[in-house]
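Working notes, structure below.
The values are calculated or read from the model by the stated rules, or taken from the named source; none is laboratory data. These numbers come from a predicted model, not from an experiment. FYI the Cβ positions are ideal-geometry reconstructions off the backbone, even for glycines, and counts take in every protein chain you see. Ligands, DNA and RNA are stripped out before the accessible areas are found, and what is left, the full protein with its side chains, is counted by its heavy atoms. Shrake-Rupley method; radii C 1.70, N 1.55, O 1.52, S 1.80 Å.
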Amino acid sequence: MNNDDLERQLRAQAGPREAGYQPAVLPATIEGEPSRPSRTLRLAVLVPAALAGVAVVLVAGLLLSQNTPGAVGSGVSPTITPSVQPTASESGPTACLPSHPMIWADPWGGAAGSRGTVVYIRVPDGPPCQASVEVTARVTDRNGATVVVGRPGDGRALSGKVEVLELGKTFGITVLWSNWCGDEPASPLRLSIRLAGWTDFVPVMVAAGGIDPVPPCNGGNETVFSVSELQPVP
């Protein structure tokens, strides 16, 4: 049956105000209608279904509240990211940078045909830093050419220690140079050092008033340039 058929049937039936209209007889009660379930039966079906729907909503809400980070009654603790990161002093001193410590030396002195000085290292301010006791020293001429270079361990074992440079403490290395029989280097000579881990040498401010750092020649043997390990200065 389509819409046209339905419309023709409705037009063929008499309306309430037209002649020949006969109202349909309804049952005395709803229960008396055989095609429809009773009110009691409908309630017995609808009430459990409604209660089951409420239970599902409550369970879903409880699960969502437990899985929501930071929710009250949550079974999962929220992850808290610390806002303050550990500082260098908390995680240990960092390596000394070339620009960190002050570096200077006593005037060049001499005895028994050798020349020598003591190089001092101190942290003037800021946090402490650490350095290997192995320090390389060298002497260059006016043109920057290396004349002599040496480090601890040349001919002996290294201690492998690490010193922490902090405020109020001074460290030093002893530099000794003897038996130079080569040509006279172009003056002025410059002394520089390099701590383990540094790429370049750092110039040392040698105090004025010393003697010529070039030692005399004591024979045909090779020159000797020795450097001690970094150690605290009393």
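Restricting attention to the stretch 120-140, does a residue exist that is on the phi > 0 side of the Ramachandran plot and either in contact with a helix residue (DSSP H, G or I) (Cβ under 7 Å, 6 or more places away or on another chain) or modelled with pLDDT of 95 or more (or both)?
Filtering the stretch 120-140 down to residues on the phi > 0 side of the Ramachandran plot leaves 126.
Next cut, either in contact with a helix residue (DSSP H, G or I) (Cβ under 7 Å, 6 or more places away or on another chain) or modelled with pLDDT of 95 or more (or both) only: none.
For the stretch 120-140, residues on the phi > 0 side of the Ramachandran plot and either in contact with a helix residue (DSSP H, G or I) (Cβ under 7 Å, 6 or more places away or on another chain) or modelled with pLDDT of 95 or more (or both): absent.
I need every pair where a residue in the stretch 212-234 that is farther than 15 Å from Ile173 by Cβ has its Cβ under 8 Å from the Cβ of a residue that is at pLDDT 95 or above and among the charged types (D, E, K, R), sequence separation at least 6 or different chains.
Once the first residue is farther than 15 Å from Ile173 by Cβ and sits in the stretch 212-234, its partners that are at pLDDT 95 or above and among the charged types (D, E, K, R) give Asp212/Arg115; Pro213/Arg115; Val214/Arg115; Pro215/Arg115.
Identify, from the list Val148, Val133, the residue that is within 25 Å of Gly168 (Cα to Cα) and hydrophobic (A, V, I, L, M, F, W, C). Reasoning before the result, please.
On the way: Val148 fails: within 25 Å of Gly168 (Cα to Cα).
On inspection, the qualifying residue turns out to be Val133.
Working only within the stretch 175-218, note down all residues that are open to solvent by less than 70 Å² (accessible area, probe 1.4 Å) and on the phi > 0 side of the Ramachandran plot.
If the condition is that a residue be open to solvent by less than 70 Å² (accessible area, probe 1.4 Å) and on the phi > 0 side of the Ramachandran plot, then Asn179 is the only one that fits.
Which of the residues belonging to the stretch 206-234 are over 36 Å from the mean Cα position of the chain (by Cα) and of a type in the set (A, V, I, L, M)?
Val206, Ala207, Ala208, Ile211, Val214, Val224, Val227
Which pairs have Cβ atoms under 6 Å, sit 6 or more apart or on different chains, and link a residue in the stretch 122-142 that is closer than 20 Å to Val214 by Cβ and open to solvent by less than 60 Å² (accessible area, probe 1.4 Å) to one that is among the hydrophobic types (A, V, I, L, M, F, W, C) and not in a loop (DSSP other than H, G, I, E, B)?
Hits for this filter: Ala137/Val175; Ala137/Ile193; Ala137/Val227; Val139/Val147; Val139/Val148; Val139/Leu191; Asp141/Val147.
Among Ala131, Ala137, which is the only one that is closer than 27 Å to Gly219 by Cα and either in contact with a strand residue (DSSP E or B) (Cβ under 8 Å, 6 or more places away or on another chain) or of a type in the set (Val, Ile, Thr) (or both)? Please lay out each step first, then the result.
Details: Ala131 fails: closer than 27 Å to Gly219 by Cα.
When all the criteria are applied, what remains is Ala137.
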